[in-house]
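Scroll down for the structure; my scribbles are underneath it.
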Amino acid sequence: MAATYLIGIDIGSSFTKSTVVDTDGTILADAKRDTHPDQPRAGVAEYDGPKLLRAVYDSTRELVQQSGIAPEDVAAVCLDGMISGTLGIDEDGDATTPYTTTLDTRFFPQLNWTLENFHDPIRRLTGSGQPTIAPKMLWIRDEFPDLYKRTAKFVTISGYIVGKMAGLPARDAFVDSTYLWASGLSDTQAYRWSDDLCRMLDLPVDKLPRIVPSSEIIGSVGRQAAMITGLREGTPIVAGCTDQSAGFIGAAITKPNRMASNAGTYPLLAICTDQFHPDMENRMAEIIPSAIPGLWNPTSYIIGGGLSHHWFQQTFCLADELAATALGKGKTVYDVLDANAAYLPAGSEKLFFIPHLGGRACPGNTDLKGAWFGFTWTHKREHFYRAVLESIAYDQYLQYRNFQKISPGLHVAEVTAYGGGAKSALWNQIKANVLGLPHVLLGREDLAPIGNAILAGYALGIYADMAETAERFVHRTSRVDPQLDAQDYYVECAGFYEQLLRQTEPAFARLTALPEP
């Protein structure tokens, strides 16, 4: 009897990653393609839909070839995608606009108008105060009216790519329920579009795709996609979910009181709960629907916070790159930076960093920018680097404290850490120290493709329970316990960081208001 394989594809903000697993969760092969956005000037970050489609096709073809599996043995394909954006499609399903996320800040006027006028009803119904799809639609309507008129539906990036793979016209366009929190237009708890919010924002419901469960089979691999990828024509395609939701499944954040720290492009902290409680008071948590119906993942994140490491390395660290090259043995510039920063005391000798280079998301403040505070002539490059790591940990401390407020009875025993940044032993220790919680590391940094494979298997009836399957598949490798002697000082630092954010907000607002030269 032929083996059955499942393919999970993660369309991330920096890379597209494809994985094939067998039904026991054993990984046969991985493939990866660069999908960084085009950023020709400040505030612009565009993804070309057809290029992203090509990245998916190319990585899938490599996956099939590398694994040596027969196309007829692939039971299903499931994709996830970036969350905070949208692109338009015409009646045939072809892209009418680029895909832009919150890294592209040109929609900030529409976002600010939306929140200034409708924040409370949006958060109450959607679970989020960070709507992006509705303001992006308004921005396209205001700035590119011809493109808006040509657009039959506004879809997610995974919805667009799945539509092209399956040959779906606009009338069959879909969005799965895990994206609803970011729409600004949904009654998320009821898994439907809100006529009231659409009316408030003057956006027509008929430009929105149908809402489906994450595990719905929405089509199959079409002839052209089969020819390019090597998959069998007719292979089922499952709707999938957001990249973060797929990661939560892959990391087994699928039972109440579980908590995740994803050290990726958008560093986040998230918990799992069976209660839908929008954060109306502090406005720090976004309530993401789980791909498992009835569960929710309150989440707080930093826009592009993970990009700060890359920016710092590219801007200041030529000497560290040369040192890494001299060391050889696969050492990277981050290994050198971590080693040097590890010798410093907690708090980077009172040097602080604000990591919100793209504006603050939780709570929303588009005026906030990045800054260092408190440096003197004695501070060296490693102080500045460690301050970047510590600042994100401070932000997560504030996020965790807020989770405890909106989720009475929350009891977190440990944090599951994953993502590219989880390779840093120093950063894991810092976060464990600041939060006072052990951080458990996994055998794999990219969990979203595994989550997609579990979704695909559940859709086909291979798995009866996604949470139980995720628990079987997850591979915990090590544990970082907090150093309690550092925690008290770090809590003081986190309190100062909170005060720093609050007191610099007016200055950043004035900075934003300055005219361009």
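The values are calculated or read from the model by the stated rules, or taken from the named source; none is laboratory data. In this text, all values refer to a predicted model and were calculated from it rather than measured experimentally. Glycine gets a Cβ as well: all are built from the backbone with ideal geometry, and neighbour counts include every protein chain shown. Surface areas here come from the heavy atoms of the whole protein model, side chains and all, with no ligands, DNA or RNA. Shrake-Rupley method; radii C 1.70, N 1.55, O 1.52, S 1.80 Å.
Region 1-154 has equivalent-ellipsoid semi-axes of 35, 17, 14 Å, by the square roots of 5 times the alpha carbon gyration tensor eigenvalues, sorted largest first. Per residue, region 5-65 exposes an accessible area of 41 Å² to a 1.4 Å probe, with every protein chain left in place. Here the ratio of the Cα radius of gyration of the chain to 2.2 N^0.38 Å is 0.94.
Would you mind calculating the relative contact order of region 345-489 from Cα pairs under 8 angstrom and at least 6 residues apart, reporting the percent as a whole number? Relative contact order of region 345-489: 20 percent.
Multiplying the residue separation of Arg223 and Asp488 by 0.36 nm and removing their Cα-Cα distance gives an extension gain of 89.3 nm.
State the antiparallel share, in %, of DSSP beta bridges confined to the chain, rounding to the nearest 5. Given both bridge residues lie in the chain, the antiparallel proportion sits at roughly 70 percent. Multiplying the residue separation of Glu72 and Glu116 by 0.36 nm and removing their Cα-Cα distance gives an extension gain of 10.5 nm.
For region 246-398, treating each Cα as an identical point scatterer without solvent, what Debye log10 I(q)/I(0) comes out at q = 0.10, 0.14 1/Å? Debye intensities relative to I(0), on a log10 scale: -0.44, -0.79. Per-residue SASA remark: His36, around 90 Å² accessible (1.4 Å probe; ligands, DNA and RNA not included). The Cβ shell under 14 Å around Val412 holds other residues with a net charge of +4, Lys and Arg each +1, Asp and Glu each -1. Taking Cβ atoms as reference points and 10 Å as the exclusive limit, the residues near Ala323 contribute a net charge of -2, counting Lys and Arg as +1 and Asp and Glu as -1. In this Cβ point-charge picture (+1 for Lys and Arg, -1 for Asp and Glu), region 390-515 has a dipole of about 200 debye about its Cα centre. With the simple spin-label model, which puts each label point 7 Å out from Cα in the Cβ direction, the Glu471 to Ala190 separation comes to 3.4 nm. Its DSSP H runs of at least 4 residues, each contributing -39,500 (n - 2.57), put the calculated 222 nm mean residue ellipticity of the chain at -12500 deg cm²/dmol, to the nearest 500.
Evaluate the Kirkwood expression for the hydrodynamic radius of region 363-409, namely the inverse of the mean inverse distance over all pairs of different C-alpha atoms, and round to one decimal in Å. Its Kirkwood hydrodynamic radius stands at 13.1 Å. Ordered by solvent-accessible area of protein heavy atoms (1.4 Å probe), largest first, the residues Glu390, Glu281, Glu498, Glu143 come out as Glu281, Glu143, Glu498, Glu390. Evaluating kT/(6 pi eta Rh) at 4 °C and 1.567 mPa s, with the Kirkwood radius of region 165-248 over Cα pairs in the Stokes-Einstein relation, gives 91 µm² s⁻¹. Each peptide in 50-60, 79-89 gets a packing score, the mean of other Cβ atoms within 10 Å over its residues, and the list from highest to lowest is 79-89, 50-60. Counted by Cβ distance under 13 Å from Gln65, the other residues give a net charge of -2, where Lys and Arg count +1 and Asp and Glu count -1. Rounded to the nearest 20 debye, the dipole size of region 216-374 about its Cα centre is 200 debye, using +1 on the Cβ of Lys and Arg and -1 on the Cβ of Asp and Glu.
Accessible area ranking (1.4 Å probe, heavy atoms, ligands and nucleic acids excluded), largest first, for Leu447, Leu460, Leu322: Leu322, Leu460, Leu447. For region 8-86, the relative contact order is 35 percent, taking Cα pairs closer than 8 Å that sit 6 or more residues apart in sequence and dividing their mean separation by the residue count.
For region 92-137, a crude dipole built from +1 on the beta carbon of Lys and Arg and -1 on the beta carbon of Asp and Glu, taken about the Cα centre, is about 200 debye to the nearest 20. Normalised by the number of residues in the chain, the average gap of Cα pairs under 8 Å and 6 or more apart makes the relative contact order 16 percent. Max-minus-min Cα coordinates of region 59-98 on each principal axis give 37, 24, 17 Å, with the largest extent listed first. Spin-label pair Val44-Lys380: with each label point 7 Å from Cα along the Cα-Cβ axis, the two points sit 4.1 nm from one another.
Between Ala425 and Val205, residue separation times 0.36 nm minus the direct Cα-Cα distance comes to 74.4 nm. Rg ratio for region 203-329: its Cα radius of gyration over 2.2 N^0.38 Å, N being its residue count, equals 1.47.
Candidates Phe312, Cys241, Pro169 compared by Cα position along the dipole of the chain: farthest toward the positive end lies Phe312, with charges placed on Cβ.
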